[in-house]
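The values are calculated or read from the model by the stated rules, or taken from the named source; none is laboratory data. Computed from a prediction, not measured in an experiment: that's the story for all the values here. Quick reminder, even Gly has a Cβ in these numbers, built from the backbone with ideal geometry, and neighbours come from all protein chains shown. All accessible areas refer to the heavy atoms of the entire protein, side chains included, with ligands and DNA or RNA removed. Shrake-Rupley method; radii C 1.70, N 1.55, O 1.52, S 1.80 Å.
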Amino acid sequence: MKVLVIGGGAREHALCRSLSLDSDVNALYCAPGNAGIAEVAELRPVDPLDGEAVARLATELRADLVVVGPEAPLVAGVADAVRAVGIPVFGPSGEAAQLEGSKAFAKDVMAAAGVPTARSYVCTTPEEVDEALDAFGAPYVVKDDGLAAGKGVVVTDDRAAARAHALRCDRVVIEEFLDGPEVSLFAITDGVTVLPLQPAQDFKRALDGDAGPNTGGMGAYSPLPWADPKLVDEVMASVLQPTVDELRHRGTPFSGLLYAGLAITSRGVRVIEFNARFGDPETQVVLARLRTPLASVLLGSANGTLDVLPPLSWREDAAVTVVIASHNYPETPRTGDPITGLAEVAELDAPHAYVLHAGTRSEGDAVVSAGGRVLSVTATGSDLAEARDRAYKAVARIGLDGSQYRTDIAAKASQQR
Ligand code: AMP
Ligand code: GLY
């Protein structure tokens with residue numbers, strides 16, 4: 001099978017790594033990719049937001065499957081453009097991707113499907129904003145309605161800051177604060193059948209101890225030793241299947257990856273948000289644990305044949321990933337700095353630890369930073385403590401001027417069993 005992956009972050013590197021290890025895949029392309037992905041896939045230049053260009057490339061390459069990684073192309077309808085030329089695609093239509101593209105749409109789907117989530121108001125005027133802020137009180141949760149690359153959500157006790165953020169958005173969702181640990185649970189679906197993956201936890205804040213601004217995610221681990229073993233079944237029944245059914249009944253079937261961002265509150269599980277694609281960096285740890293070859297699962301989603309696949313099989317291993325971000329991430333990340341130590345990790349730490357590239361590019365013989373999140377250093381082990389230890393050993397070999405990473409990824413969880 002020939003597979004074309006669209007995107008160029010650590011999530012796409014993780015997807016390409018798994019696909020490159022799958023004996024069903026005999027040609028693997030990534031567009032536009034990055035310096036690390038180039039080691040496992042052939043890179044092609046493309047504007048990932050240009051559906052016609054992606055469809056043309058897929059046709060030229062005679063791809064049997066196109067996998068669209070990031071949300072922006074999905075919301076822009078890139079999967080529709082590829083489907084229109086008759087090539088199977090992993091990823092929802094532009095309409096179904098509104099589940100991530102519009103928080104108001106997601107809230108409407110959840111209400112119709114009876115999916116538990118924070119109570120919320122959609123506001124478009126300062127009066128509505130004031131009313132909603134006062135209805136819920138502090139801590140205030142204010143979300144830009146549209147796609148904002150992880151920067152649209154403000155959670156604060158400061159009413160003036162909450163109000164100022166709300167007034168900067170054309171349309172804003174203001175909601176009840178959800179207490180409790182967060183879990184990311186992914187499911188692969190073809191619009192009818194839903195296959196949940198293993199849960200993971202992400203670290204959204206920039207600094208140790210969950211301090212600092214929200215980011216795209218600074219690290220992740222899986223499994224979650226502290227979680228209720230019934231969590232996946234419960235979320236399947238109360239969240240994932242009802243959402244997929246509701247979207248199908250609306251005439252906008254959702255196929256691809258349904259990402260439920262959950263809060264485990266004292267009153268039960270609540271959905272914080274849906275995403276329409278694999279999460280980054282959680283994908284790095286979830287795929288590290290998946291034993292089933294990936295291509296058949298993604299193709300089953302694209303072709304509507306997930307019901308005939310054997311159950312997914314998982315390794316006993318735990319996995320941890322630590323994101324190395326550039327100087328000044330997330331505000332004004334500096335790029336163009338050379339990265340050292342990649343060869344040392346490959347030589348000394350493989351196969352248990354390896355570096356997935358997020359924002360990098362080649363410059364002659366050097367690899368330089370090209371984004372806010374630069375690398376996602378991933379490791380597996382017999383438990384979280386071992387995986388964590390291996391990940392941080394590899395992180396210590398990497399040099400990148402001014403870079404930052406959290407030192408507490410999976411720290412608490414690795415002490416639980
Ligand atoms: P989102 O982009 O919706 O995932 O929000 C980013 C982060 O903001 C989440 O991962 C949570 O940490 C936090 N957040 C979002 N909504 C809520 C909420 N209702 N209550 C508490 N924290 C929230
Ligand atoms: N890890 C959060 C996200 O992918 O949105």
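Observations on the model:
- Of Ala410, Ser238, Pro293, farthest towards positive along the dipole that unit charges on Lys, Arg, Asp, Glu beta carbons give the chain: Pro293
- Counting only protein heavy atoms and using a 1.4 Å probe, the accessible area of Leu299 comes to about 40 Å².
- Mean residue ellipticity (222 nm) of the chain, computed from DSSP H runs ≥ 4 via -39,500 (n - 2.57), nearest 500: -8000 deg cm²/dmol
- Between the range 34-65 and the range 348-417, the C-alpha centres lie 26 angstrom from each other.
- Solvent-accessible surface (1.4 angstrom probe) belonging to Cys169, in square angstrom, nearest 10: 20 Å²
- Ranked order, Glu176, Glu131 - accessible area, probe 1.4 Å, largest first: Glu131, Glu176
- Global geometry of the chain, whether rounded, prolate or oblate, following the gyration tensor of its Cα atoms and the 1.5 cut on a/c: rounded
- Couplings 3J(HN,Hα) of the range 184-196, computed from phi: 9, 10, 9, 9, 9, 9, 10, x, 10, 7, 10, 10, x Hz, in residue order, whole Hz [Karplus 6.51 cos²θ - 1.76 cosθ + 1.60, θ = phi - 60°; x for Gly and Pro].
- Charged side chains reduced to their Cβ positions (Lys and Arg at +1, Asp and Glu at -1) give the chain a dipole of some 380 debye around its Cα centre.
- Cα gyration tensor category, rounded, prolate or oblate, for the range 266-417 with a/c compared to 1.5: prolate
- Relative contact order for the chain, counting Cα pairs under 8 Å that sit 6 or more residues apart, in percent: 16 percent
- FRET E, pair Lys412, Val308, Förster distance 35 Å, beta-carbon r, rounded to 0.05: 0.30
- You can think of it this way: the chain between Thr265 and Arg315 has 15.1 nm of extra reach, that is 0.36 nm per residue less the Cα-Cα gap.
- Backbone amide hydrogens, once placed in the peptide plane, bring Gly371 within less than 5 Å of Gly336, excluding anything fewer than 5 places away on its chain.
- For the residue pairs Lys2/Lys143; Lys204/Lys393; Lys107/Lys230; Lys103/Lys230; Lys143/Lys412; Lys2/Lys412, alpha carbon separations beyond 31 Å are given by Lys2/Lys143; Lys2/Lys412.
- Close amide-amide hydrogen proximity is noted between Thr265 and Arg270, each under 5 Å apart and 5 or more residues distant or on a separate chain (H modeled in the peptide plane; Pro and chain starts excluded).
- Tensor-based shape of the range 106-169 (alpha-carbon gyration tensor, a/c under 1.5 rounded, otherwise prolate or oblate): prolate
- Highest mean first, the peptides 328-334, 274-280, 350-356 sorted by other C-beta atoms within 10 Å per residue fall in the order 274-280, 350-356, 328-334.
- Available extension along the chain between Asn214 and Asp233 is 3.9 nm, counting 0.36 nm per residue and deducting the alpha carbon span.
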